[in-house]
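Accompanying notes for the structure given below.
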Amino acid sequence: TLVRYPGSEYIWLNNDNHGPCGMKIKCEKCHNNMKILNSQDIIKRIYNKLWGKMGKYLITGITGFAGPHLANLLHAKGHKVFGLVRCSNGRENDIRDIVDDNVYSDISFLYSDLRNFRTLDKIFKENKFAGVYHLAAQSHPPTSFNDPLGTFEDNIMGSANLIQAISDNQRDNCK
């Protein structure tokens, strides 16, 4: 039987059979009130926890291969999409062949190099995101062979900066 504490999003397995779904019970160990949930309630709660609340989502690497497709999906679900672009050189227009005009006009583009922690930190101080999809990377094999240090800085240090900015500013609300 799956149960939860009132007001908590934590759901766990209770091996005791306490009765039908929806029935309120008391925990024998701590005496807190619990509610038995059925599988449909559990699915609804998980969906609402992950997707049900409309929120702001940041996509790093929005101009890459998968970024525009994810932007379409998030927009279709009713979420506000933000795209992180390395610099303001017009690269955001690269997604226009995949993203419709109405979706494109709803995307808010932010500009920062992932290697620049200060600008990332500022972005996360000014915006509260429900989630971040980190798709940015230097993924061109010849470039990685010709410039292994630059590839390391882009992919590893950029990711570390992003994780630190999220941890510093949005630990409680960002997935």
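The values are calculated or read from the model by the stated rules, or taken from the named source; none is laboratory data. As the structure is a computational prediction, the values presented were derived from the model and not from experiment. Glycine gets a Cβ as well: all are built from the backbone with ideal geometry, and neighbour counts include every protein chain shown. Note: accessible area is taken over every heavy atom of the protein model, side chains too, but ligands, DNA and RNA are not part of it. Shrake-Rupley method; radii C 1.70, N 1.55, O 1.52, S 1.80 Å.
Structural remarks
- Where a residue in region 146-167 is without any contact (Cβ under 8 Å) to a residue 24 or more places away in the chain and its partner, wherever it lies, is outside any helix (DSSP H, G or I), with Cβ under 6 Å and at least six apart: THR151/GLN138; ASN155/ALA137; ASN155/GLN138
- Residue match in region 110-117 (condition: free of Cβ contacts under 8 Å to residues at least 40 places away in the same chain and among the acidic types (Asp, Glu)): no
- Odd one out for GLU153 among (1) surrounded by 11 or more Cβ atoms within 10 Å (Cβ to Cβ); (2) part of a loop (DSSP other than H, G, I, E, B); (3) more than 18 Å from the chain's Cα centre (by Cα): (2)
- Pair list, Cβ < 6 Å and 6+ apart or interchain, from region 90-107 residues that are open to solvent by 90 Å² or more (accessible area, probe 1.4 Å) to residues that are among the polar types (S, T, N, Q): ARG91/THR63
- The residue that is modelled with the lowest pLDDT, counting only those in region 36-79 that are touching a strand residue (DSSP E or B) at 6+ places or on another chain (Cβ under 9 Å) and open to solvent by 70 Å² or more (accessible area, probe 1.4 Å), is SER39.
- Residue list for region 118-135, restricted to those being in contact (Cβ under 8 Å) with a residue 24 or more places away in the chain and either open to solvent by less than 30 Å² (accessible area, probe 1.4 Å) or assigned to a helix (DSSP H, G or I) (or both): LEU120, ASP121, ILE123, PHE124, LYS125, ASN127, PHE129, ALA130, GLY131, VAL132
- Condition check for PHE117: among the aromatic types (Phe, Trp, Tyr) and either touching an Asp or Glu at 6+ places or on another chain (Cβ under 8 Å) or modelled with pLDDT under 95 (or both): no
- Among the numbered conditions (1) touching a helix residue (DSSP H, G or I) at 6+ places or on another chain (Cβ under 7 Å); (2) within 18 Å of LYS56 (Cβ to Cβ); (3) part of a loop (DSSP other than H, G, I, E, B), the only one that ILE98 does not meet is (2).
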